[in-house]
Amino acid sequence: FLNISTLGNSQSFGNLVLSAKYSQSGCSDGIRGLFQGGQNVTDIEYITIASEGDSIDFGNLTSNGNHNGSLASSTRGIRGGGYSGPSALNTIDYVQIQTLGNSLDFGDLLEINYGLAGMASPTRGIFAGGRGTDTPIGQTTINQITISSTGNAVNFGNMSARHSYVGGFSNSIRGFIVGGTNPRTNTIQFLTIASSGSMKDFGDLSIEKEGVASGSSNNHVRGLACAGQDASGAINQCDFITIATTGNAT
């Protein structure tokens, strides 16, 4: 963990308890943080953000899948897409973050998709980026859902460029897609969550990277794009942006 309002290196919080895993996604209601999925597992684990310690078993997703995307409101955590060999998924499922238990079916994405990311306002959820098993160069479609209901996603608009293995974060107004591959990029794209339409250019990360871990502060001031992989391999570098402005990351 790190404190988003200050600069500095991360510190140890604890460990996942169910299994070692990679390519899961995370979301939060501001009190609990959820880690969802991973390769060949349906695990959902949670932590209490204000404390430190190991995760606790929450329940299970409706299907296994890694490289999925997650988003959350103040009540619900939602997972979309993922990869469950030999194909990608279009599954959307959800949990009530303050109630332990297995996820429930929400609906479907417009297309099968993995390597995508999620972002949300208090009412609307967005999934963007990623690729399908038949579209390895990446998807351009942006999916939109209403978080408090259930049902299939509808079209929001299009990405300004095709990228998968992206990071995503938001405040209550703007949503962001950062980094990605096909080819590896330092692009930061953003949209206004309340308005349908295509993504626009925000600026650039400090380096080109994919598999980005990302998030934003509770006060909605900063967004982070951390870790991932650049041309040399796995990295631990972390960038930030000021969400209300446009410009390059620091």
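The values are calculated or read from the model by the stated rules, or taken from the named source; none is laboratory data. Note that the structure is predicted; figures quoted are calculated from it, not measured. Here Cβ is always computed from backbone atoms with ideal geometry, including for glycine, and neighbour counts include all displayed protein chains. We work out accessible area using only protein heavy atoms, side chains counted, and drop any ligands, DNA or RNA first. Shrake-Rupley method; radii C 1.70, N 1.55, O 1.52, S 1.80 Å.
Which of the three applies to the chain, rounded, prolate or oblate, going by the alpha-carbon gyration tensor with a ≥ b ≥ c and a/c under 1.5 meaning rounded? Cα axes put the chain in the rounded bin.
Take every Cα pair under 8 Å whose residues are at least 6 apart in sequence, average their separation, divide by the length of the chain, and the relative contact order is 11 percent.
The simple Förster model, with R0 at 22 Å and r as the Cβ-Cβ distance, assigns His220 and Ser10 a FRET efficiency of 0.60. Remark: the Asp105-Ser87 segment gains 4.6 nm on full extension, using 0.36 nm per residue and subtracting the alpha carbon distance.
With contacts taken as Cα pairs under 8 Å and at least 6 residues apart, segment 21-167 reaches a relative contact order of 17 percent. Here the simple spin-label model places points 7 Å from the Cα toward Cβ, and for Ser63 and Thr75 these points are separated by 2.7 nm. How high is the relative contact order of segment 115-250, in percent, with contacts defined as C-alpha pairs under 8 Å that are six or more residues apart? Relative contact order of segment 115-250: 18 percent.
Taking every protein chain into account, the 1.4 Å probe leaves Ile112 with about 60 Å² of accessible area, to the nearest ten. Shown for the chain: the carbon plus sulfur share of the solvent-accessible area, taken with all protein chains present and a 1.4 angstrom probe, equals 47%. Extension gain for Ala234 to Ile49 (0.36 nm times residue separation, less C-alpha to C-alpha distance): 64.0 nm. Under 5 Å from the amide H of Thr91 lie the amide H atoms of Gly81, Leu109, each residue being 5 or more positions distant or on a separate chain, with H modelled from the backbone and absent for Pro and chain starts.
For Ala20 and Thr133, calculate 0.36 nm times their separation in residues minus their Cα-Cα distance, and state this gained length in nm to one decimal.
Working: separation 113, 0.36 × 113 = 40.68 nm, distance 2.57 nm.
Fully extending the segment from Ala20 to Thr133 adds 38.1 nm.
Annotation: cysteines of the chain without a disulfide-compatible partner (Cβ-Cβ under 4.7 angstrom) are Cys27. Can you list the residues of segment 192-218 with backbone N under 18 Å from a point 7 Å past the Cα of Asn248, pointing along Cα to Cβ? What the label zone holds, given the 18 Å backbone N cut-off, is 201-210. Just check segment 158-250 against the gyration tensor rule for me: Cα atoms, a ≥ b ≥ c as the square roots of the eigenvalues, rounded for a/c under 1.5, and otherwise prolate or oblate depending on whether a/b exceeds b/c. Note, shape of segment 158-250 comes out oblate. Derived scalar couplings between HN and Hα for segment 219-236 equal 7, 6, 8, 10, x, 10, 10, 10, 6, x, 9, 10, 4, 8, x, 5, 10, 10 Hz in order, rounded to whole Hz, by the Karplus curve 6.51 cos²θ - 1.76 cosθ + 1.60 (θ = phi - 60°), x for Gly and Pro. At a probe radius of 1.4 angstrom, the accessible area of segment 149-249 per residue rounds to 43 square angstrom. 3J(HN,Hα) along segment 186-196: 10, 5, 10, 10, 9, 9, 9, 4, 6, 10, 5 Hz, from the Karplus curve 6.51 cos²θ - 1.76 cosθ + 1.60 with θ = phi - 60°, whole Hz, x for Gly and Pro.
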